[in-house]
Amino acid sequence: MKTNKKLLLLTSMVILFPMLWGLMIWSQLPNQIPIHFNFAGQPNNFQSKPLVVFGLPIFDLMVHLFMIFMIGRDSKNSAMNEKMIRAIYWLTPIVSLSISYLIYSKALGSTTNPSVFVSVLLGLIFVIMGNYMPKLKVNHTVGIRLPWTLQSEDNWHKTHRLAGKLWVLGGLILLLEAGLQFALSYVLVLVILTIVLIPVMYSYQLSRRNR
């Protein structure tokens with residue numbers, strides 16, 4: 001698949017924007033910044049200001065470039081839905097900006113509950129990706145890539161149709177739960193396990209049935 005260089009440049013600039021943002025508020029940031037929080041929303045991992053402001057965006061950029069490279073080298077992705085390709089290009093930039101916002105705001109004293117923030121972010125991602133999953137064609141870089149899904153187009157399509165429905169449902173549950181805030185962290189873990197494990201088990205059962 002041909003790499004969209006203009007889109008890659010734009011998304012890469014978005015990923016690096018938190019560097020500029022961090023420099024603008026540098027004097028307001030503490031020397032040690034929380035980057036990880038427990039289920040209660042309390043910080044349990046701190047890193048130095050330079051590492052957070054410069055290191056995290058650079059790491060995100062490396063992940064982004066690697067992901068686009070892996071997608072581009074698979075010839076089967078040439079038939080991938082254009083909207084799905086754009087969604088993949090924008091996935092890392094959106095996550096990077098969102099996480100940077102959370103980290104900076106918490107460092108500046110915000111009372112935002114990280115679990116609520118993550119639930120909203122993942123909920124939106126799951127709904128968007130879930131809508132595109134049924135349209136995915138067999139490839140080696142995006143989707144539920146198991147030995148039996150890669151060997152059978154029928155298995156692949158049935159698995160991704162189910163996964164798409166589960167991801168949308170899971171995303172909606174997370175968005176609702178972000179408002180209700182009832183056992184938020186546990187619901188988050190349960191939703192992630194459900195939307196990952198059920199399609200895998202369903203795919204495996206399909207492969208056994210067709211042997």
The listed residue being closer than 21 Å to L7 by Cβ, in the same structural domain as E177 (by TED's automatic domain parsing), part of a helix (DSSP H, G or I) and of a type in the set (S, T, Y), out of Y132, Y89: Y132
Test: residue in region 169-178 that is over 18 Å from the mean Cα position of the chain (by Cα) and within 28 Å of N113 (Cα to Cα): yes
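Being within 14 Å of the chain's Cα centre (by Cα), among the polar types (S, T, N, Q), buried (at least 17 other Cβ atoms within 10 Å of the Cβ) and in a helix (DSSP H, G or I) is the requirement here; does T149 meet it?
no
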Residue under evaluation T3, criteria (1) within 30 Å of V189 (Cα to Cα); (2) touching a residue at least 12 places away in the same chain (Cβ under 8 Å); (3) not aliphatic (A, V, I, L, M), criterion not met: (1)
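Each row is one residue, and each column tells you yes or no for (1) outside any helix (DSSP H, G or I); (2) closer than 15 Å to I94 by Cβ; (3) more than 17 Å from the chain's Cα centre (by Cα).
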| position | (1), (2), (3) |
| --- | --- |
| L10 | no, yes, yes |
| M13 | no, yes, yes |
| P18 | no, yes, yes |
| L23 | no, no, yes |
| N44 | yes, no, yes |
| G55 | no, no, yes |
| V63 | no, yes, no |
Residue in region 7-20 that is in contact (Cβ under 8 Å) with a residue 24 or more places away in the chain, within 14 Å of K106 (Cα to Cα) and outside the structural domain of V187 (by TED's automatic domain parsing) present: no
For V127: the one exception among (1) surrounded by fewer than 18 Cβ atoms within 10 Å (Cβ to Cβ); (2) farther than 20 Å from F59 by Cα; (3) over 12 Å from the mean Cα position of the chain (by Cα): (3)
Any hit, region 8-25, residues being at pLDDT below 95 and over 19 Å from I58 (Cβ atoms): no
Residue satisfying all of: in region 148-172; hydrophobic (A, V, I, L, M, F, W, C) and out of contact with any helix residue (DSSP H, G or I) (no Cβ under 6 Å at 6 or more places or on another chain); modelled with the lowest pLDDT among these: L150
Members of region 132-146 that are surrounded by 17 or more Cβ atoms within 10 Å (Cβ to Cβ), within 21 Å of T92 (Cβ to Cβ) and in contact (Cβ under 8 Å) with a residue 24 or more places away in the chain: Y132, M133, L136, N139, T141, V142, I144
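The values are calculated or read from the model by the stated rules, or taken from the named source; none is laboratory data. Please read all numbers here as calculations on a predicted model, not as lab measurements. Positions of Cβ are backbone-derived with ideal geometry, glycine not excepted, and every protein chain shown enters the neighbour counts.
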